[in-house]
Protein chains: 2
Amino acid sequence: MGLVRKNILSLVPYKAGKPIEEVERELRLKNVIKLASNENPLGPSPKAVESIKNNLFKINRYPDAGGFYLKRKIAEFYKLNPSNIVLGNGSDELIDIIIKTFVEEDENIITAEITFLEYSIIAKAIGRKIYLVPLKNFRYDLKEMMRRINKKTKLIFIANPNNPTGTYVDRVEFENFINGLSDSVIVVLDEAYDTFIDVDDFPKGINYINKKNVIVLKTFSKAYGLAGLRLGFAIANKKFSQYMERVRQPFNVNYFAQIAGIAALEDKGFLEKTRTTILEGKYYLYNALEKLGLNYIPSVANFILIDVKMDGEKLFKEMLRYGVIVRDLKQYGLNNFIRVTIGKKEENEKFIKVLRKLI
Amino acid sequence: MGLVRKNILSLVPYKAGKPIEEVERELRLKNVIKLASNENPLGPSPKAVESIKNNLFKINRYPDAGGFYLKRKIAEFYKLNPSNIVLGNGSDELIDIIIKTFVEEDENIITAEITFLEYSIIAKAIGRKIYLVPLKNFRYDLKEMMRRINKKTKLIFIANPNNPTGTYVDRVEFENFINGLSDSVIVVLDEAYDTFIDVDDFPKGINYINKKNVIVLKTFSKAYGLAGLRLGFAIANKKFSQYMERVRQPFNVNYFAQIAGIAALEDKGFLEKTRTTILEGKYYLYNALEKLGLNYIPSVANFILIDVKMDGEKLFKEMLRYGVIVRDLKQYGLNNFIRVTIGKKEENEKFIKVLRKLI
């Protein structure tokens, strides 16, 4: 294909978690449970659903290109100004917007070797160099990342907590890191899983946006249960957000995402129930895995990386036949691992039951 | 802002049509009518709405990354293979995907000077050169575009019908043009308004995808009334679509857009009613404009470009105060024009009544 750009020819597409319908269709199963994509097991925020239900017939109109009401609501929630917020079709799209806004063709990006894959895929699709720094004990190695920075480094992506490990960069590490950075480097802190954190030394990105070149990414896909609607946002200083707004396509965030986002932020009860479910599920799973003699990486997110002492892809496929969808980590070279999303009580129990049978 | 890319500093954002809520909020009006964004005045496809209503609680799950059922349905509808289809978050996003897939950093793009603005905005955001060729008698000047092609030209965007003029490139012109192109050039035919065509010599892009380097863009935003959901698609040969799929973000099309798209394609009655409403409205408006002594550009789309013989932006603002939103064309340098979307009978009548008062 001489017509295709060179960097696209070698691009490996993202491998999504298998949808429930696809597994049920392919394996002729029913009641399949999905613990593969870190979704909210309780469903979507009921207030968000109610809001959509009340506005079903308005979708012939384009969404508000400025996201006026949603940005105002998010700003209120975080005690910021609406001009600090940039909305995205999921935070995936914001990764693209950030790279386009800040990284020149001869500049480069740094992230971890084992982290959310979209940083690399999107950087390569745009045609930017991205350097991957190995983890150390399954954690971001910020010291090594600092060493890898050169004069052409513009952007650093840090998933905090990290996916697929569930580990986090703590406050001291993070502050040492950003204090050592030159003013020509921007750090993107991806806090997709911030709701599930149960430690005290987590550095909240929002505290740094006006002190350093820090941009924070957040999403409605996890805690608010709106993955299907696609809604993420960036929090940044006003100068950064103003230029990101120029790159953002005007109708990138659909109408339902905008109204559901507003309603979800008011759904405090749902958020609390989600958090409780995940934390209870986490300690149940920790305990059950220990009984099975399996090592896992302690997590501050809604998923757990487990060393299954066998081929993870094989286990993934065998679990499918029992109607349980998890993720293998072969694409990261973690051949003996799976990642399981923390589900509802009965889902966690089924997962453990099937796991016990297969290992 | 030394941190921002140079080409972003000069980027002028897209100016969207004013939302009804914004006008009602700012001017304290009620019953405002919007004839500014070429939306479907009849609302969304009722079958699409029904489908969403029946699946409200599924949005905690990520959408199907492959768009399996929607692609199959679109393929059926157009008698193609699902592998000919690439889904986008509106066709806006497909413009971005196409440029990223095919246009190298030193290559260029050609389109018309007065056409859909997103071609230019997106090309510049990615950092690609785009050359704009003036229209001739409000129509794409394909002969001049052919002359402007150089060795580094990779992509040509043709909006057919064109927005904001409503004119079209006819079959003979188009075939002469593509037959004269070298194999290193790709033509993107944007057929957002194809439903409203009432002429016999319109070249259907789909007939060319396997003969020439032609990619067709279509949308659910206009005829199907789903602008708020964001759903567009590209039709291309399998080689092209395969590489575009690598660049596409996995969850770019939200779940509701996917199921609504499927339902809308089955809603033949709604499509027919929409087409009849637009064609009747068009001839009513033609007639009324002639009675007012105003020139207009004959249109094969669901909008009409009108020479109002006065400052179009001023007229736009005055019409707002009467609760009618149209578009001025100042950003195109068409200072004495407005573009009006064809609405329902009563909306068209209100538009004419207010126009008569103000000119």
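The values are calculated or read from the model by the stated rules, or taken from the named source; none is laboratory data. Predicted model only: the values in this text are computed from it and were never measured. Positions of Cβ are generated from backbone atoms using ideal geometry, with glycine treated the same way; all protein chains shown enter the neighbour counts.
Considering only residues in the stretch A:103-121 that are within 9 Å of chain B (Cβ to nearest Cβ) and in a helix (DSSP H, G or I), the one that is farthest from A:ARG139 (Cα to Cα) turns out to be A:ILE121.
The single residue among B:VAL103, B:VAL133 that is at pLDDT 95 or above, touching a helix residue (DSSP H, G or I) at 6+ places or on another chain (Cβ under 6 Å) and in the same structural domain as B:GLY228 (by TED's automatic domain parsing) turns out to be B:VAL133. All of B:LYS357, B:LYS309, B:LYS350 fail the test of being of a type outside the set (Phe, Trp, Tyr), more than 26 Å from B:GLU118 (Cα to Cα), more than 20 Å from the chain's Cα centre (by Cα) and in a loop (DSSP other than H, G, I, E, B), apart from B:LYS309. Scanning the stretch A:183-201 for residues that are hydrophobic (A, V, I, L, M, F, W, C), within 14 Å of chain B (Cβ to nearest Cβ) and farther than 20 Å from A:LEU279 by Cα gives A:VAL185, A:ILE186, A:VAL187, A:VAL188.
If you scan the stretch B:9-19, which residues turn out to be more than 20 Å from the chain's Cα centre (by Cα) and within 7 Å of chain A (Cβ to nearest Cβ)?
B:LEU11
Of all the listed residues (B:LYS6, B:LYS30), the sole one being modelled with pLDDT under 95, at the interface with another protein chain (Cβ under 9 Å from one of its Cβ atoms) and surrounded by fewer than 18 Cβ atoms within 10 Å (Cβ to Cβ) is B:LYS6. One residue stands out among those in the stretch B:323-359 that are at pLDDT 95 or above and of a type in the set (Phe, Trp, Tyr): the one that is farthest from B:PHE138 (Cα to Cα), which is B:PHE351.
Only one residue in A:LEU11, A:LEU87, A:LEU70, A:LEU29 is among the hydrophobic types (A, V, I, L, M, F, W, C) and farther than 20 Å from B:ASN252 by Cβ, so which one is that? Please lay out each step first, then the result.
Details: A:LEU11 fails: farther than 20 Å from B:ASN252 by Cβ; A:LEU87 fails: farther than 20 Å from B:ASN252 by Cβ; A:LEU70 fails: farther than 20 Å from B:ASN252 by Cβ.
Answer to the check: A:LEU29.
When the residues of the stretch B:122-150 are narrowed to those that are assigned to a loop (DSSP other than H, G, I, E, B) and either under 21 Å from the mean Cα position of the chain (by Cα) or buried (at least 20 other Cβ atoms within 10 Å of the Cβ) (or both), which ends up farthest from the other protein chains (Cβ to nearest Cβ)? Ranking the candidates gives B:ASN137 first. For the stretch B:60-70, give me each residue that is among the hydroxyl-bearing types (Ser, Thr, Tyr) and part of a helix (DSSP H, G or I). B:TYR69, the sole residue that qualifies. Against the condition away from every other protein chain (no Cβ under 11 Å), within 30 Å of B:ASP183 (Cβ to Cβ) and touching a Leu at 6+ places or on another chain (Cβ under 8 Å), how does B:LYS204 come out, does it pass? No: the conditions fail for B:LYS204. Of the residues making up the stretch A:187-213, just one is touching a Gly at 6+ places or on another chain (Cβ under 6 Å) and over 19 Å from A:LYS282 (Cβ atoms), namely A:LEU189. Given the criteria within 11 Å of chain A (Cβ to nearest Cβ), within 19 Å of the chain's Cα centre (by Cα) and among the basic types (Lys, Arg), does B:LYS222 qualify? It is true that B:LYS222 is within 11 Å of chain A (Cβ to nearest Cβ), within 19 Å of the chain's Cα centre (by Cα) and among the basic types (Lys, Arg). Condition check for B:PHE68 on (1) closer than 30 Å to A:ILE121 by Cα; (2) out of contact with any Leu (no Cβ under 9 Å at 6 or more places or on another chain); (3) away from every other protein chain (no Cβ under 14 Å): one failure, at (3). With respect to being out of contact with any His (no Cβ under 7 Å at 6 or more places or on another chain) and crowded, with 24+ Cβ neighbours inside 10 Å, B:THR153 falls outside the description. When restricted to residues that are of a type outside the set (Ser, Thr, Tyr) and assigned to a loop (DSSP other than H, G, I, E, B), the stretch A:13-23 contains 6. Looking across the stretch A:24-59, just one residue is of a type in the set (D, E, K, R), part of a loop (DSSP other than H, G, I, E, B) and under 15 Å from B:ILE59 (Cβ atoms), and that is A:GLU39. Among the residues of the stretch B:34-62, those that are farther than 23 Å from B:PHE116 by Cβ, more than 7 Å from every other protein chain (Cβ to nearest Cβ) and of a type outside the set (A, V, I, L, M) comprise B:SER45, B:PRO46, B:LYS47, B:GLU50, B:SER51, B:ASN54, B:ASN55.
If only residues of the stretch A:152-180 that are part of a loop (DSSP other than H, G, I, E, B) and within 14 Å of another protein chain (Cβ to nearest Cβ) are counted, the one that is farthest from A:ILE114 (Cα to Cα) is A:LYS152.
Looking at the stretch A:71-102, which of the residues that are assigned to a loop (DSSP other than H, G, I, E, B) and more than 7 Å from chain B (Cβ to nearest Cβ) is nearest to B:LYS15 (Cα to Cα)? Residue satisfying both the conditions and the ranking: A:ASN81.
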